[in-house]
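Comments concern the structure below.
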Amino acid sequence: MSKNEDYIIQISKLKKGSNIFEYEIDKGLFEGTDVEDVKCHLTVNAKKSERMVEVDFSYNGKIKVLCSRCLESMEIDVQTTDFLYVKFGDKYEEVDINEVIIPESENEINFSQYIYDCLMLQIPISPVHKDRKECDKEMIEKLHLLSQTKQDESTIDPRWEKLKELKNK
């Protein structure tokens, strides 16, 4: 199980130029969320210069969540990239989503929140199987029956129709 401490890079140990780090991301980073499982390979390229570290993230793997339609597990393929500029200054400040300023005295960068955010953004608001045939057949049948029952209930008694006409006058 990965922990937030697993994604800390020591700035002082970075050499000038490219520094490559490889990580295997698992469910540990997503405890307490709707994510059932994660198997994702992350390559981090931290390019250090005098006044900043330019960080490129490259993700490749799968995230397992529940289908919103049938409540069965489904996998979402993840193949994406992201970047972060870490600049040095007097105090910690988040300039925007991809730029942060950290104190020059700071010796490490913790990327766990950036990794978590990027992967969570890969999950659709309402994840569903691409093909309805992949959904749990029993659940789909129950949903179909429930929707028919609702339609039957929506037919209005003719006596109420007369009352609605009076209200609209």
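Give me, ordered by chain and number, the residues 5 or more places off V128 or on other chains with an amide H under 5 Å from its own placed amide H.
S68
Ignoring ligands, DNA and RNA, what percent of the 1.4 Å accessible area of the chain is carbon and sulfur? Write out the running numbers ahead of the final one.
Working: 5960 of 11590 Å².
Of all accessible area on the chain, carbon and sulfur atoms account for 51 percent.
How big is the dipole moment of segment 10-169 about its Cα centre under a simple scheme where the beta carbon of each Lys and Arg is +1, that of each Asp and Glu is -1, and everything else is neutral? Debye, nearest 20, please.
560 debye
Hey, of [x] 42, 34, 27; [y] 81, 43, 23; [z] 67, 49, 22, which did the structure itself give for Cα extents along the principal axes in Å when calculated?
[y]
Once you've got the GNM for the chain with C-alpha springs shorter than 10 Å, pick whichever of K142, K62, K39 has the biggest mean-square fluctuation.
Checking each option, the largest mean-square fluctuation is seen for K142.
Mind pulling the angle between the C-alpha long axis of helix 158-168 and the longest principal axis of the chain? Nearest 10 degrees, somewhere in 0 to 90.
Long axis of 158-168 versus the principal axis of the chain: about 70 degrees.
Short version: ³J(HN,Hα) in whole Hz for each residue of segment 24-39, in order, from phi by Karplus 6.51 cos²θ - 1.76 cosθ + 1.60 (θ = phi - 60°), x for Gly and Pro, what are they?
10, 8, 10, 4, x, 6, 10, 4, x, 10, 7, 6, 7, 7, 9, 9
What pairs from K27/K130; K48/K87; K39/K133; K15/K91; K27/K133; K13/K39 go past 18 Å between their alpha carbons?
Numbers: K27/K130 23 Å; K48/K87 10 Å; K39/K133 25 Å; K15/K91 23 Å; K27/K133 28 Å; K13/K39 28 Å.
Result: K27/K130; K39/K133; K15/K91; K27/K133; K13/K39 exceed 18 Å.
Against the longest alpha carbon principal axis of the chain, how many degrees, from 0 to 90 and to the nearest 10, is the axis of helix 137-153 turned?
With rounding to tens, the tilt is 50 degrees.
Which cross-chain or sequence-distant (5 or more) residues have an amide H under 5 Å from the amide H of D26, H modelled 1.01 Å from N in plane?
S2
Using a 1.4 Å probe, what is the accessible area per residue for the chain, in Å²? Let's see the in-between values first.
Working: 11590 Å² over 169 residues.
Heavy-atom accessible area per residue stands at 69 Å².
Would you mind calculating the gained length between L145 and S126 on full extension (0.36 nm times residue separation, minus the Cα-Cα distance), in nm to one decimal? Present the calculation step by step, with values, prior to reporting the outcome.
Numbers: separation 19, 0.36 × 19 = 6.84 nm, distance 2.18 nm.
Length difference between fully extended and current span is 4.7 nm.
The values are calculated or read from the model by the stated rules, or taken from the named source; none is laboratory data. These numbers come from a predicted model, not from an experiment. Because the Cβ atoms are built from the backbone with ideal geometry, glycine has one as well, and the counts that use them run over all protein chains shown. Surface accessibility is based on the protein's heavy atoms, side chains included, excluding ligands, DNA and RNA. Shrake-Rupley method; radii C 1.70, N 1.55, O 1.52, S 1.80 Å.
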